[in-house]
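Note sheet for the following structure.
The values are calculated or read from the model by the stated rules, or taken from the named source; none is laboratory data. Given the structure is predicted, the values throughout are model-derived calculations rather than measurements. Virtual Cβ from ideal backbone geometry, glycine too; neighbours counted across all protein chains shown. All accessible areas refer to the heavy atoms of the entire protein, side chains included, with ligands and DNA or RNA removed. Shrake-Rupley method; radii C 1.70, N 1.55, O 1.52, S 1.80 Å.
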Amino acid sequence: MSAHEARIAAVLGRIHARNPDLAAFTRVLDDAALQDARALDVAIARGETPGPLAGVPFAVKDLFDVAGLITTAGAHMRLAAPPASRDAEAVARLKAAGAILVGTLNMDEYAYGFATVNAHFGTTRNPHDLTRLAGGSSGGSAAAVAGGLVPLTLGSDTNGSIRVPASLCGVWGYRPAQTGSGVLPLDGVFPFVEELDTIGPFASDLATLQAAFEVLSGWRLATDDGVARVARLTGFFEHGAAPEALAAVDAVMAGAGAADRLVLPGAETARSAAFLITAARGGALHLATLKDRAMDYDPAVRDRLLAGAMLPGALVFRALDYAKAWRAAVMNALKTHDVLVAPATPCAAPRIDDATILIDGKPVSARANLGIYAQAIGLAGPAMICAPVTTDTLPIGVQLIAAPGQEAKLFAFARRLEAQGVLGGRIA
Amino acid sequence: LQGLSLSGPAPFRKTTISAEADPLSEIFNLRPGLILGFEPPQACHDGIRANLDLLAQHARVLLSADGPAGEWGGHGGDQ
């Protein structure tokens, strides 16, 4: 057995051993992965230069097209859909860099949720505590990394679907900017909300996260000294946060030696605007299918989509107008500070059997509210790392937010705090 | 709007839209078949209703806002 083949065989063995407890993988591509590993070793033996991700095993949320496979988007009803004719662009770029695809990953149906509680494919469990949620909608992508099954995965983030599970599972996640050189390709990705959809990597360490970002974007980031003007987002971004979420931001600010505080007026409204845009777009996207096959949907997703399809058009346009003004306001704030810091989730992972969280002391649905802070800032379209904060309790992460074009400074800042031991991924 | 009558399955049946009632609430109580172009199965109705209530909460937040950081205030208010 060749070197990479042996490594991939070990990875596949680990996936088969642990996945029954985690429900992170929906398909494991044993034969294809071993074949790709052998091909990589043959290429290296021929003297070819391996790519920057040579031999790195990776898996993708089951809304990325993989040639020859059905893209389920987490929906049972799509099991009869035709298979994809080619890989999604992001998958193709990772493969071209030498990474080896080993499987597809669980998610909330059609990416509509923050829990990865899937009526058909099961509930993905948090590797740090199997009684708790992994978060969503890219829960399988986060749990696969946190469980040590693979070091790199791909997910999507419309309202927080990378940042929420990355926070709850204690791994690194990246949501790209929606403008500039750091935009990541959506070709071959099952859509949800065209105004807000992004894709990005999860990784067990920051170096792998950055390497994946550079491969996916085709942008080699310049060297940066990591010194940044940093501010903590207060007001809405601390309202309702549990002590562990506030402590995570405290730790980052202390590590950065920063004390600036910044209020972004209108953040609560931005979150509501994102909520309404998402519901309306999702409802419009699925309307024809809902008409004929409503009862084939996950009930929780179906009823959200149907309600979204009923939103008055004037309200949706108002929300879209608000989004434009919000983006301008956030980008203006990012002229005075290089990195903004905010909680990624309002709390650590909730229990699966009691999937409620407290906001203002009131129990609310985790599925709808774990992304409260991620959703608000995501509407502005900046570049964001979800960074796991070092802790010996349940994992939790923070959002590190930068303007499009400032990705080098953003990664350098995170690297400085990782070197200090303030930030770091945790593998269970 | 007073006197406008609509019919539909419970819990969406509305007989009158009153001018005094919360207009947003009234909009969201319209018969789903009228808006969607088809009648969703009865089993969906409670879930739709619950989600419409949630969306109405967010709609009220949006409609009561001036715009972020005063951006709208200087450019024509509610436009």
*Output the residue which, of all residues in region A:242-278 that are buried (at least 17 other Cβ atoms within 10 Å of the Cβ) and of a type in the set (Asp, Glu), is nearest to the other protein chains (Cβ to nearest Cβ).*
A:GLU268
*Within region A:118-135, identify whether any single residue is surrounded by fewer than 24 Cβ atoms within 10 Å (Cβ to Cβ), among the aromatic types (Phe, Trp, Tyr) and in contact (Cβ under 8 Å) with a residue 24 or more places away in the chain, and answer yes or no.*
yes
_Members of region A:284-296 that are within 9 Å of chain B (Cβ to nearest Cβ) and buried (at least 17 other Cβ atoms within 10 Å of the Cβ)_ = A:LEU290, A:ALA294
*Could you tell me whether A:LEU400 is within 17 Å of A:PRO165 (Cβ to Cβ), assigned to a loop (DSSP other than H, G, I, E, B), away from every other protein chain (no Cβ under 14 Å) and in contact (Cβ under 8 Å) with a residue 12 or more places away in the chain?*
no
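Quick one: is A:LEU305 within 18 Å of A:ASP108 (Cβ to Cβ) and open to solvent by less than 10 Å² (accessible area, probe 1.4 Å)? Don't jump to the end; show me each part of the working.
Working: within 18 Å of A:ASP108 (Cβ to Cβ): yes; open to solvent by less than 10 Å² (accessible area, probe 1.4 Å): yes.
In short, yes.
If a residue must be over 19 Å from A:PRO395 (Cβ atoms) and in contact (Cβ under 8 Å) with a residue 12 or more places away in the chain, how many such residues does region A:359-377 contain?
The total comes to 7.
For region A:357-377, does any single residue satisfy the condition of being charged (D, E, K, R) and surrounded by fewer than 24 Cβ atoms within 10 Å (Cβ to Cβ)? Steps first, answer last, please.
Pass one, region A:357-377, residues charged (D, E, K, R): A:360, A:362, A:367.
The next check asks that each one be surrounded by fewer than 24 Cβ atoms within 10 Å (Cβ to Cβ); those that pass are A:360, A:362.
Within region A:357-377 (the criterion being charged (D, E, K, R) and surrounded by fewer than 24 Cβ atoms within 10 Å (Cβ to Cβ)), the answer is yes, since at least one residue qualifies.
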_Restricting to region A:341-368, name every residue that is under 13 Å from A:HIS239 (Cβ atoms) and of a type in the set (D, E, K, R)._
A:ASP360, A:LYS362
*Using the structure shown, decide if A:PRO382 is open to solvent by 10 Å² or more (accessible area, probe 1.4 Å), touching a strand residue (DSSP E or B) at 6+ places or on another chain (Cβ under 6 Å) and at negative phi.*
no
